[in-house]
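What follows is one structure encoded as structure tokens, with my remarks underneath.
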Amino acid sequence: MDENSGETPSRICFKCLNPLSRCFCGDLKEVDSGIKFIFLMHPKEAKRQRTGTGRLAHIRLPESEILVGVDFTHDEHLNELLSSPEYFPVLLYPGDDARTASTPGFKEEIGNRKLLIIIIDSTWFCSKKMIKLSTNVNSLTKLSFSGSYKSIFTFKREPAEYCVSTIESCYYIIKELQETGIAKKDSNPEPLMDVFKKMIAYQLNRENERIQSGLPGSHAHDWKYTKVKEIPEYLRVES
């Protein structure tokens with residue numbers, strides 16, 4: 001039995017690790033932005049198949065990788081990437097000292113190297129712990145957004161209005177880097193948001209079906225949700 005949906009998954013997609021009934025890999029179009037993404041995924045996040053977006057982003061982004069753990073200080077593969085002359089590594093994380101795509105001289109600083117973006121795929125609470133423990137990561141140049149964004153993740157509450165999901169982070173940072181000529185301008189990042197919208201719409205539809213059937217939810221907070229939710233127009237993605 002699938003602990004998240006109450007389904008009995010007879011077959012699993014080995015890309016996204018979801019039951020085939022909840023698999024979006026058929027919609028996955030690659031977004032080749034010319035940037036290498038590394039997702040440092042907390043073990044708890046790696047187990048979340050219902051609302052985790054890091055794996056969906058990874059499947060869409062060629063050359064991206066997922067590394068699971070908490071302290072990456074001694075991760076040989078990550079350290080090899082961080083020390084490679086091929087890459088200019090940054091940590092996507094807010095801060096007063098963070099650069100943005102439009103920071104003067106940032107493009108020149110990268111030079112002929114490929115931008116390597118480290119993304120912490122976890123809750124904000126766990127992310128802070130991961131960064132604190134991983135000395136090779138917390139010493140990296142920070143990169144943040146120049147714009148302000150609000151998550152469309154209506155199925156999940158973020159800790160603050162400015163917090164966005166992992167897949168939205170990839171989408172917005174690619175868009176900003178395209179504007180300054182750091183990411184490939186001919187790459188279309190919209191497939192990232194398209195599959196994200198489909199995932200949210202699927203979850204909302206499943207929750208509505210649960211409410212209409214009168215069945216109890218599988219999560220402790222499900223008792224709060226007793227009214228059917230309208231699917232927002234912006235979640236209706238054309239196939």
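Within region 7-16, can one find any residue that is out of contact with any Phe, Trp or Tyr (no Cβ under 9 Å at 6 or more places or on another chain), at negative phi, at pLDDT 70 or above and surrounded by 14 or more Cβ atoms within 10 Å (Cβ to Cβ)? Scanning region 7-16 turns up no residue that is out of contact with any Phe, Trp or Tyr (no Cβ under 9 Å at 6 or more places or on another chain), at negative phi, at pLDDT 70 or above and surrounded by 14 or more Cβ atoms within 10 Å (Cβ to Cβ). Taking region 30-75 as the search range and keeping residues that are closer than 9 Å to ASP121 by Cβ and assigned to a loop (DSSP other than H, G, I, E, B), which one is modelled with the lowest pLDDT? If we take residues in region 30-75 being closer than 9 Å to ASP121 by Cβ and assigned to a loop (DSSP other than H, G, I, E, B), then GLY52 is modelled with the lowest pLDDT. Within region 161-172, track down each residue that is modelled with pLDDT of 95 or more and either in a loop (DSSP other than H, G, I, E, B) or open to solvent by 10 Å² or more (accessible area, probe 1.4 Å) (or both). Within region 161-172, SER169, TYR171, TYR172 meet the criteria. Taken over region 46-75, the criterion of being closer than 28 Å to ALA101 by Cα, touching a residue at least 24 places away in the same chain (Cβ under 8 Å) and under 13 Å from the mean Cα position of the chain (by Cα) is satisfied by GLY52, THR53, GLY54, ARG55, LEU56, ALA57, ILE59, ARG60, LEU61, SER64, GLU65, ILE66.
Give me the residue from region 76-89 that is part of a helix (DSSP H, G or I) and touching a residue at least 40 places away in the same chain (Cβ under 8 Å) and, out of that set, surrounded by the fewest Cβ atoms within 10 Å (Cβ to Cβ). So the residue we want is ASN79. For region 145-155, name all the residues that are modelled with pLDDT of 90 or more and out of contact with any Ser or Thr (no Cβ under 6 Å at 6 or more places or on another chain). Scanning region 145-155 gives PHE145, GLY147, SER148, TYR149. When we screen LYS175, LYS142, LYS107 for residues that are modelled with pLDDT of 95 or more, over 18 Å from the mean Cα position of the chain (by Cα) and either surrounded by 15 or more Cβ atoms within 10 Å (Cβ to Cβ) or not in a helix (DSSP H, G or I) (or both), the only hit is LYS107. One residue stands out in region 110-139 among those that are assigned to a loop (DSSP other than H, G, I, E, B) and within 21 Å of LYS184 (Cβ to Cβ): the one that is nearest to the chain's Cα centre (by Cα), namely ARG113. Look at (1) in a helix (DSSP H, G or I); (2) of a type outside the set (S, T, N, Q); (3) surrounded by 14 or more Cβ atoms within 10 Å (Cβ to Cβ); (4) modelled with pLDDT under 85 and you find that GLY217 fails only one, number (1). The sole residue among SER148, SER187 that is of a type in the set (Gly, Ala, Ser), open to solvent by 50 Å² or more (accessible area, probe 1.4 Å) and assigned to a loop (DSSP other than H, G, I, E, B) is SER148.
The values are calculated or read from the model by the stated rules, or taken from the named source; none is laboratory data. Since the model is a prediction, treat every value here as computed from it, not as a measurement. As a convention, Cβ positions derive from the backbone with ideal geometry for all residues, glycine included, and neighbour counts pool all protein chains shown. Just so you know, the surface numbers come from the protein's heavy atoms only, side chains and all, with ligands and any DNA or RNA stripped out. Shrake-Rupley method; radii C 1.70, N 1.55, O 1.52, S 1.80 Å.
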